[in-house]
Amino acid sequence: MPRIELAHLTKRYGAVTAVDDLSFSLEPGSITGFVGANGAGKSTTLRMLLGLTRPTSGTATIDGRPYADLPDPTRAVGALTAPDVFHPGRTGRNALRVLARPAGITDRWVDELLELVDLTGAARRRVGGYSTGMRQRLGLAAALLGDPPTLILDEPANGLDPLGIAWLRRLLRDLADQGRTLLVSSHQLAELAQTVDGLILIDHGRLVARGTTTDLLARHQSASLEELFLDLVSNGTRP
Amino acid sequence: MTALLSTETVKLRTLPTTWIVAALAVAASAAIGFAAVRISIGAHEPLHLAALAGTPAQAMWFLAIVSAVLAGAGEFQHRTIRTTLLAAPRRGRVLAAKSAVAGAYGGLLVLLGTAAAVVAGLITAAASGVSFTGSDVSWAHLAGTVAVGAVFAVLATGLGMITRSTALAVGAVLLWRFVGEGILPALLHHDGLTRWTPDGTAGALIGIGDHPLAPWAAALVLSSYAVAICGLAAALFLRRDPA
């Protein structure tokens with residue numbers, strides 16, 4: 001069974017179609033880049049997959065079930081949706097403890113994750129005083145709380161400095177090598193090219209291209225991911 | 001459900017606002033208790049413990065409402081609703097747990113406030129060399145005061161979830177309390193209507209107001225308001241996606 005499966009997923013906001021009949025599935029143990037221009041429908045797709053946005057039609061499932069029907073979602077899927085989803089008045093440690101509680105995750109594991117994302121020193125500081133990069137690291141720790149086999153990360157490199165990006169690249173690779181399925185949306189194509197195994201490219205909510213990075217570059221005779229992206233999504237016009 | 005109740009309790013406990021509001025409740029109630037006793041002594045009126053215990057009720061109810069609005073609307077304002085729903089995707093249960101914990105906290109605030117007012121009043125009277133003529137406490141009224149704080153907090157959580165804005169929700173409460181409750185009976189040419197409003201039913205439960213409803217009827221009507229608001233909040237929460 002595919003870890004992640006989208007079937008004819010569609011979302012309309014009035015006359016605007018944000019996601020248009022999108023279908024794909026992801027097998028375990030790979031990092032897949034989810035690429036598209038601003039407004040292409042990436043975040044809406046990920047939010048539908050995570051049960052945060054209701055689809056107009058179609059289905060989005062993880063391990064064969066919609067997110068809301070997962071018996072223990074924190075242990076099934078880790079998600080990073082945005083860096084500003086933590087209460088500014090809560091400490092970093094408490095922000096994670098709040099999310100750990102429904103899944104019965106211990107404070108000790110929370111502390112280990114804070115160490116993994118290099119936030120131990122700031123664990124007892126309020127999130128309101130964190131930089132964007134620190135909040136992003138906290139978001140990654142939140143995604144890893146349940147040690148889940150599937151990770152859905154929306155723009156995980158946002159706000160990270162070059163050292164942070166290098167750290168993130170190693171982390172994502174380690175997670176994929178452990179057999180996890182990662183779906184990573186990003187605007188940073190050069191960074192993505194070094195990290196992902198496969199690509200899903202969408203434009204105006206529709207699937208434009210899908211395949212391994214090497215195959216796609218060869219098929220479209222592109223020298224880089226950026227060239228491929230510009231070739232397929234030229235000024236917002238679908239080829 | 002136990003895990004969700006525990007989660008909402010941790011959320012409340014880990015925010016400085018919770019402790020600030022509790023400290024404010026104690027300080028304000030103590031000041032109210034002190035002032036009430038000083039005013040009674042100055043006016044040569046007899047001091048009654050039951051009356052003293054009821055003095056901070058309105059202020060504590062308001063604090064309970066504000067805290068509950070912060071718990072409900074604050075989730076949307078700080079966008080924590082996303083992580084909340086990722087950890088617990090069943091929205092109805094999230095709302096139920098949030099309302100229950102906000103209600104418990106609201107009741108606790110009222111209890112704390114009442115205790116602070118009584119202690120401050122007793123100390124003030126003793127320091128002034130005056131003793132209380134009535135030392136009976138109406139336990140029914142005390143329970144009513146605490147229960148009203150809890151029900152108002154549940155209602156305010158629902159209001160916060162509906163408006164998704166703390167300013168809008170607190171504004172709506174103030175508008176209703178100071179304008180709606182006053183002008184509605186006049187507009188409808190029905191003075192008896194005040195018995196049925198949230199404030200009127202709350203008054204009936206603590207033994208104040210003209211021709212109040214019977215306590216059981218007041219409790220039923222007040223609870224119905226909370227159920228209606230939370231029902232609407234649940235319907236909207238299930239339909240409207242978080243931003």
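Provide B:ARG239, B:ARG91 in ascending order of the number of other Cβ atoms located within 10 Å of each residue's Cβ, fewest first. Please list the in-between numbers first.
On the way: B:ARG239 9, B:ARG91 20.
With the sparsest Cβ surroundings first, the list reads B:ARG239, B:ARG91.
What number do you get for the range B:2-239 when its Cα radius of gyration is normalised by 2.2 N^0.38 Å, N = residues?
1.07
How high is the FRET efficiency from A:ASP69 to A:ASP118, r the C-beta distance, R0 35 Å, rounded to 0.05?
The value I calculate is 0.50.
Would you kindly state how much longer the chain becomes between A:ARG170 and A:SER224 on full extension, computed as 0.36 nm times their sequence separation minus their alpha carbon distance, in nm to one decimal?
17.3 nm
To make sure I understand, if each residue's beta carbon is the centre and we count other beta carbons within 10 Å, what order do A:TYR67, A:TYR13 fall in, fewest to most? It would help to have the intermediate numbers written out before the result.
Values: A:TYR67 23, A:TYR13 10.
Least to most surrounded, the residues fall as A:TYR13, A:TYR67.
Can you say what percent of the DSSP beta bridges in chain A, counting only those with both residues inside, are antiparallel? Round to 5.
DSSP beta bridges in chain A are roughly 55 percent antiparallel.
Under a Cβ-Cβ cut-off of 9 Å, what is the net charge of the residues other than A:SER185 that fall near it, where Lys and Arg count +1 and Asp and Glu count -1?
-1
Could you tell me what fraction of 2.2 N^0.38 Å the Cα radius of gyration of the range B:1-124 comes to, as a two-decimal ratio? Show your work: numbers first, answer last.
Details: Rg = 17.9 Å, N = 124, 2.2 N^0.38 = 13.7 Å.
Taking the Cα Rg and dividing by 2.2 N^0.38 Å, one obtains 1.30.
Using Cβ counts within 10 Å as a stand-in for footprinting exposure, how do A:GLU191, A:GLU112 rank, fewest first? It would help to have the intermediate numbers written out before the result.
Details: A:GLU191 21, A:GLU112 13.
Going from least to most buried by this count: A:GLU112, A:GLU191.
If the reach is capped at under 20 angstrom between alpha carbons, list the lysines near B:LYS11, excluding any in the same chain fewer than eight residues apart.
By straight Cα distance, B:LYS11 reaches B:LYS98.
Can you tell me the dipole magnitude for the range B:16-169 around its Cα centre, using point charges on the Cβ only (Lys, Arg +1; Asp, Glu -1), in Debye to the nearest 20?
840 debye
Please list, in chain and number order, the residues 5+ apart from A:ASP20 or on another chain whose amide H is under 5 Å from its amide H, with Hs placed from the backbone.
A:LYS11, A:ARG206
Pull up all non-local amide H partners of A:ILE202: gap of 5 or more, or a different chain, and H-to-H distance under 5 Å with H placed in the peptide plane.
A:VAL35, A:GLY36, A:VAL208
Find the relative contact order for the range A:4-232 and round it to a whole percent, using C-alpha pairs within less than 8 Å whose residues are 6+ positions apart.
Relative contact order for the range A:4-232 comes out at 28 percent.
Take every DSSP beta bridge whose two residues both sit in the protein assembly as shown, then give the antiparallel share in percent to the nearest 5.
Expressed as a percentage, antiparallel bridges in the protein assembly as shown total about 55.
Describe numerically, in nm with one decimal, the distance between label points set 7 Å from Cα along Cα→Cβ at B:VAL137 and at B:LEU175.
3.9 nm
If I build a Gaussian network model for chain B, linking alpha-carbon pairs within less than 10 angstrom, which residue out of B:LEU86, B:LEU12, B:LEU24 has the largest mean-square fluctuation?
B:LEU86
Along the charge dipole of the range A:4-232, which of A:LEU50, A:GLY129, A:ALA223 sits closest to the positive end, that is, farthest toward it, with unit charges on the beta carbon of Lys, Arg, Asp and Glu (+1, +1, -1, -1)?
So the residue furthest toward the plus end is A:GLY129.
For chain B, with a Gaussian network of springs between Cα atoms less than 10 Å apart, report the residue from B:GLY103, B:GLY203, B:GLY171 with the top mean-square fluctuation.
Highest fluctuation among the options: B:GLY171.
Return the FRET efficiency for the residue pair B:ILE20, A:HIS187: r is the Cβ-Cβ distance, R0 is 30 Å, and the value is rounded to the nearest 0.05.
0.15
Over chain B, what relative contact order in percent results from Cα pairs under 8 Å that are six or more residues apart?
26 percent
Sort largest first and round to whole Å: the equivalent ellipsoid semi-axes of chain A, each the square root of five times a Cα gyration tensor eigenvalue.
One finds semi-axes of 29, 20, 17 Å for chain A.
What nm value, rounded to one decimal, do you get for the distance between B:VAL227 and B:SER6 when each label is placed 7 Å out toward the C-beta?
3.1 nm
Measure off 7 Å from each Cα along the Cα-to-Cβ vector at B:HIS211 and B:ARG38, then give the distance between these two points in nanometres to one decimal.
Modelled inter-label distance: 3.9 nm.
Once the other residues with Cβ under 11 Å from the Cβ of A:GLY29 are scored (Lys, Arg +1; Asp, Glu -1), what is the net sum?
Net local charge, A:GLY29 excluded: -1.
Where in chain B are the DSSP H helices whose alpha-carbon span along the long axis reaches 15 Å or more and whose Kyte-Doolittle mean is at least 0.5?
Counting only whole DSSP H runs, the qualifying helices are B:16-42, B:57-77, B:91-127, B:139-163, B:215-239.
Please give every one of the lysines within straight-line cross-link reach of A:LYS11, meaning a C-alpha to C-alpha distance under 29 Å, and leave out same-chain neighbours fewer than 8 residues apart.
Correct list for A:LYS11: A:LYS42.
Values quoted throughout were computed directly from the atomic coordinates according to the rules given, and no laboratory measurement underlies them. Keep in mind that what you see is a predicted model, and the values were worked out from it rather than measured. Note that we place each Cβ from the backbone using ideal geometry, even for glycine, and neighbour counts take in every protein chain shown.
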